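Undergrad: Got a structure for you, written out below as structure tokens; questions coming shortly.
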Amino acid sequence: MCDDVILGVKNLSYSYDGVKKIFANIDFELRKGEVLVILGANGAGKSTLLDCISNMLTPTTGEILLKGKNIAKYAINDVAKLMGYVPQISTPTFSYTVRDYIVMGRAPHMGILNVPGPAEYDKVDEVMKDMWISGLADKIYANISGGERQQAQIARILVQETDIILLDEPTNHLDYGNQLKIIQIISKLARIRGLTVVLTSHIPDHAIMIDEKVGIMDNLGHMTVGPVKEVISEESLKELYHTDLHLVYIDELKRIACVAGKLNDENRK
Amino acid sequence: MINLESSSKSIPIDKPKPQISAVWHAHKIIYFSIFLFIAAFLISLSIGRFNVPLIQVVKILISQVVPTGMEVTWTEQMQNVIINIRLPRLVGASLVGGALALSGATYQGLFKNPLVSPDLLGVSNGACVGAAIAILLGFPSLVIQGCALLTGLLAVLISTSIPKFFKNNSSLMLVLGGVIVSGFMSSLLGITKYVADPDNQLAAIVYWTMGSFATTNMNQVLLVMPAILSVMVVLLLMRWRINLLSLGDKEARSLGVNIRKTRGLAIFCATILTACAVCLCGTIGWVGLIIPHFGRLIIGHDNRYLLPISTIIGAVFMIVVDTIARNLTGSEIPLSIITGLLGAPLFVWLLARQKVRIS
């Protein structure tokens, strides 16, 4: 294995109660600044895969390597220093301000009995300024819009200062503009800050726009991983979503785009 | 600095440094509540069937700390009433009020549910069973307290073992464990009442389950004070970790929090607080439920400020309740009656103010 592999997933399988297979034999390697977009139908096991990679669930077989070392050999706190995880948007029961929510990202770097002080808040302010969301600082996290909440979650992960970030459907429930905004932020994080990113999505265009690695997870729990140009094709997407769709080359953008076919019932396979 | 903004539109900044004013505001409220606590404590010391002027109360207290160089302007009876009768029960009331409120705020944060009270895991019902059995067996009051503490802790131990038995670590399973144990302990308490001698034992059990400081002395208070204060310090130190736990298990774990250990330690501390409070004065309802709500109304949801403010307001509330209990009528009124009569309407008012969505 190459030394510069940040996240390695080897022969990973998971089954609930050892019986119900969710996915099997998943392999991929990600280096600094690489992005993997995982596409898959509802219930294919994308979130379970992220739960395994983020050490929330223990895989049935296989291993996850963080900087070449098995994740099981790390302390929970040390995993949190290397890898940040944003589950699908959740609203906390209690109302914290956005600034107080984001500062929680500093937890892995602090002692168990410490509370965040000016140094921690300075980091939060810096990240919020970078993301141009300083105006949210004093607002209540539960009351802001879905798009703003997603940006706050990403800010929390940036404050965590990890090498790897995992995002479970970061564009879920967002309007089209906010979806593109989040994808743009993620792409910049990888290109400019060199973060290694794994995210799940339902929109093939997200993978095409980021133009890095893509993993297509089928309903049998297998995942094909590779560069966008090799993995994404009309056939692979039709098979994945069981519907008629087309990949159209757009000259102006110098890239392909995924377009749905006609809304006729005959088109459904 | 890397600009991560994707479009030219940014979110406008309302205030230049909002956090500083928010922190200062929270600190101001905490300082004011400490002042309120001291005032309530001194006023309550002076009020009673035998009134002692406030200035004399202050002088008597100072003379106890700095014994020399003060002219004695008070009678021996005044000193006896203040030092031997009212001081122990007010110290006890402050400790119990603070302990129950802190315990309640901790439980509410841990279980992400603002409608949870500190006896969620069966500690109060468990303690009642122990006390009732000790009363049936005719043990002295110190043994009754010891039995209450032990059975209270035993009840929580059983509650926390239920999720382990089912190999399910979710909060919901723990809450269900508490419901099962509370119900069971309640039935055991019923049995002890059923077999108790109706002339004196039954009355003693019922009186104990309604809470009172009438027989509290300084030795009893000093016995539980180190435990309550040290556990309070631990919980107050880990107050920000409770913020992290209230995010949910997945997010907290992704932030490096060892959920099992952190939640276990917080539950252990909150349980010790409730058990110590119950063994000192019997069971007292409402305090652990409504005081954290009141705290949230005045200082917000952040446990960094909510836990300290709940502790102080809990102490003030208990001082007020105890003052009413010993002054309203000729005989002592059990504390739970007053906390219920004050607590129920207060809770309705708080819910109306907070507009809590109960779903």
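Undergrad: Going by the structure shown, is A:Asp3 open to solvent by 50 Å² or more (accessible area, probe 1.4 Å), closer than 27 Å to A:Met223 by Cα and at pLDDT below 95?
TA: yes
Undergrad: Of all residues in segment B:101-113, which are open to solvent by 10 Å² or more (accessible area, probe 1.4 Å) and in contact with a helix residue (DSSP H, G or I) (Cβ under 6 Å, 6 or more places away or on another chain)?
TA: Listed by number, the list holds a single entry, B:Phe111.
Undergrad: Scanning segment B:195-214 for residues that are aliphatic (A, V, I, L, M), in contact (Cβ under 8 Å) with a residue 24 or more places away in the chain and in a helix (DSSP H, G or I), which turns out surrounded by the fewest Cβ atoms within 10 Å (Cβ to Cβ)?
TA: The selected residue is B:Val195.
Undergrad: Moving to a separate point now. Condition first: under 15 Å from the mean Cα position of the chain (by Cα), under 23 Å from A:Cys52 (Cβ atoms) and open to solvent by less than 10 Å² (accessible area, probe 1.4 Å). Can you find one or more residues in segment A:176-188 that meet it?
TA: yes
Undergrad: Kindly indicate whether any position in segment B:4-14 is crowded, with 16+ Cβ neighbours inside 10 Å and either away from chain A (no Cβ under 14 Å) or at pLDDT 90 or above (or both).
TA: Checked segment B:4-14: no residue is crowded, with 16+ Cβ neighbours inside 10 Å and either away from chain A (no Cβ under 14 Å) or at pLDDT 90 or above (or both).
Undergrad: Here is a follow-up. Being open to solvent by 60 Å² or more (accessible area, probe 1.4 Å) and either assigned to a helix (DSSP H, G or I) or not aliphatic (A, V, I, L, M) (or both) is the filter here, so list the residues in segment B:114-137 that pass it.
TA: B:Asp119, B:Ile133
Undergrad: Has segment A:165-174 got at least one residue that is at pLDDT 90 or above, surrounded by fewer than 16 Cβ atoms within 10 Å (Cβ to Cβ) and outside any helix (DSSP H, G or I)?
TA: Within segment A:165-174, none of the residues are at pLDDT 90 or above, surrounded by fewer than 16 Cβ atoms within 10 Å (Cβ to Cβ) and outside any helix (DSSP H, G or I).
Undergrad: Filter segment B:101-145 for residues that are charged (D, E, K, R) and at pLDDT 90 or above and give the result.
TA: none
Undergrad: When you scan segment A:98-113, how many residues do you find that are facing another protein chain (nearest Cβ under 7 Å) and more than 17 Å from B:Met238 (Cα to Cα)?
TA: Of the residues in segment A:98-113, 1 are facing another protein chain (nearest Cβ under 7 Å) and more than 17 Å from B:Met238 (Cα to Cα).
Yes/no per residue for (1) touching a helix residue (DSSP H, G or I) at 6+ places or on another chain (Cβ under 9 Å); (2) farther than 20 Å from B:Ser230 by Cα:
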{"site": "B:Gly285", "(1), (2)": "yes, yes"}
{"site": "B:Gly295", "(1), (2)": "yes, yes"}
{"site": "B:Asn303", "(1), (2)": "yes, no"}
{"site": "B:Ile309", "(1), (2)": "yes, no"}
{"site": "B:Val321", "(1), (2)": "yes, yes"}
{"site": "B:Asn327", "(1), (2)": "no, yes"}
{"site": "B:Thr339", "(1), (2)": "yes, yes"}
{"site": "B:Val348", "(1), (2)": "no, yes"}
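Undergrad: Can you tell me which of (1) more than 12 Å from chain B (Cβ to nearest Cβ); (2) open to solvent by less than 40 Å² (accessible area, probe 1.4 Å) is the one A:Val79 doesn't meet?
TA: (1)
Undergrad: It is to be established whether one or more residues within segment A:47-61 are in contact (Cβ under 8 Å) with a residue 40 or more places away in the chain, more than 14 Å from every other protein chain (Cβ to nearest Cβ), part of a strand (DSSP E or B) and over 15 Å from the mean Cα position of the chain (by Cα).
TA: Within segment A:47-61, one or more residues are in contact (Cβ under 8 Å) with a residue 40 or more places away in the chain, more than 14 Å from every other protein chain (Cβ to nearest Cβ), part of a strand (DSSP E or B) and over 15 Å from the mean Cα position of the chain (by Cα).
Undergrad: Would you mention how many residues in segment B:141-174 are over 24 Å from B:Cys279 (Cβ atoms) and open to solvent by 30 Å² or more (accessible area, probe 1.4 Å)?
TA: Adding up the residues that qualify gives 9.
Undergrad: For segment A:102-122, how many residues meet the condition of being over 21 Å from B:Arg253 (Cα atoms) and either among the charged types (D, E, K, R) or within 24 Å of the chain's Cα centre (by Cα) (or both)?
TA: Selection size over segment A:102-122: 1.
Undergrad: Among all residue pairs at least 6 apart or on different chains, which show Cβ distances below 6 Å where the first residue, located in segment B:105-117, is within 15 Å of B:Leu265 (Cα to Cα) and the second is open to solvent by less than 10 Å² (accessible area, probe 1.4 Å) and of a type in the set (Asp, Glu)?
TA: Every condition considered, no pair remains.
Undergrad: Hey, another quick one. With closer than 30 Å to B:Glu251 by Cβ, among the aliphatic types (A, V, I, L, M) and within 14 Å of chain A (Cβ to nearest Cβ) as the only criterion, which of B:Val123, B:Val116 stands out?
TA: Result: B:Val116 is the single residue among B:Val123, B:Val116 that is closer than 30 Å to B:Glu251 by Cβ, among the aliphatic types (A, V, I, L, M) and within 14 Å of chain A (Cβ to nearest Cβ).
Undergrad: Please indicate, with yes or no, whether at least one residue in segment B:266-283 is more than 30 Å from B:Trp349 (Cα to Cα), at pLDDT 90 or above and of a type in the set (Phe, Trp, Tyr).
TA: Looking for residues that are more than 30 Å from B:Trp349 (Cα to Cα), at pLDDT 90 or above and of a type in the set (Phe, Trp, Tyr), one finds at least one in segment B:266-283, hence yes.
Undergrad: So, in segment A:256-268, of the ones that are open to solvent by 60 Å² or more (accessible area, probe 1.4 Å) and within 26 Å of the chain's Cα centre (by Cα), which residue ends up modelled with the highest pLDDT?
TA: Among residues in segment A:256-268 that are open to solvent by 60 Å² or more (accessible area, probe 1.4 Å) and within 26 Å of the chain's Cα centre (by Cα), the one modelled with the highest pLDDT is A:Val259.
Undergrad: Which numbered condition in (1) part of a loop (DSSP other than H, G, I, E, B); (2) more than 10 Å from chain B (Cβ to nearest Cβ); (3) touching a strand residue (DSSP E or B) at 6+ places or on another chain (Cβ under 8 Å) is the only one that A:Leu36 fails?
TA: Tallying (1) part of a loop (DSSP other than H, G, I, E, B); (2) more than 10 Å from chain B (Cβ to nearest Cβ); (3) touching a strand residue (DSSP E or B) at 6+ places or on another chain (Cβ under 8 Å), A:Leu36 fails exactly one: (1).
Undergrad: Do we find that A:Tyr96 is modelled with pLDDT under 90 and of a type in the set (Ser, Thr, Tyr) in this structure?
TA: Yes; evaluated as a whole, the condition is true for this residue.
Undergrad: Now, a different point. For segment B:234-244, what are the residues that are open to solvent by 10 Å² or more (accessible area, probe 1.4 Å) and not β-branched (Val, Ile, Thr)?
TA: B:Leu236, B:Leu237, B:Arg239, B:Arg241
Undergrad: Test of understanding: among A:Ala142, A:Ala72, A:Ala155, which residue is within 10 Å of chain B (Cβ to nearest Cβ), open to solvent by 10 Å² or more (accessible area, probe 1.4 Å), among the small types (Gly, Ala, Ser) and on the phi < 0 side of the Ramachandran plot?
TA: Unique residue meeting the criteria: A:Ala142.
Undergrad: Tell me which residues, restricted to segment A:13-44, are open to solvent by less than 20 Å² (accessible area, probe 1.4 Å) and more than 15 Å from A:Ile216 (Cα to Cα).
TA: A:Ser13, A:Leu30, A:Gly33
Undergrad: Let me ask you something else. Farther than 20 Å from A:Ser236 by Cα and touching a Pro at 6+ places or on another chain (Cβ under 6 Å) - does that describe any residue in segment A:59-72?
TA: For segment A:59-72, residues farther than 20 Å from A:Ser236 by Cα and touching a Pro at 6+ places or on another chain (Cβ under 6 Å): absent.
The values are calculated or read from the model by the stated rules, or taken from the named source; none is laboratory data. Note that the coordinates shown come from a computational prediction; the quantities given were computed from them, not determined experimentally. Every residue, glycine as well, gets a Cβ built from its backbone with ideal geometry; the counts of neighbours run over all protein chains shown. When the accessible area is computed, the model is the full protein with side chains, heavy atoms only, and any ligands, DNA or RNA have been set aside. Shrake-Rupley method; radii C 1.70, N 1.55, O 1.52, S 1.80 Å.
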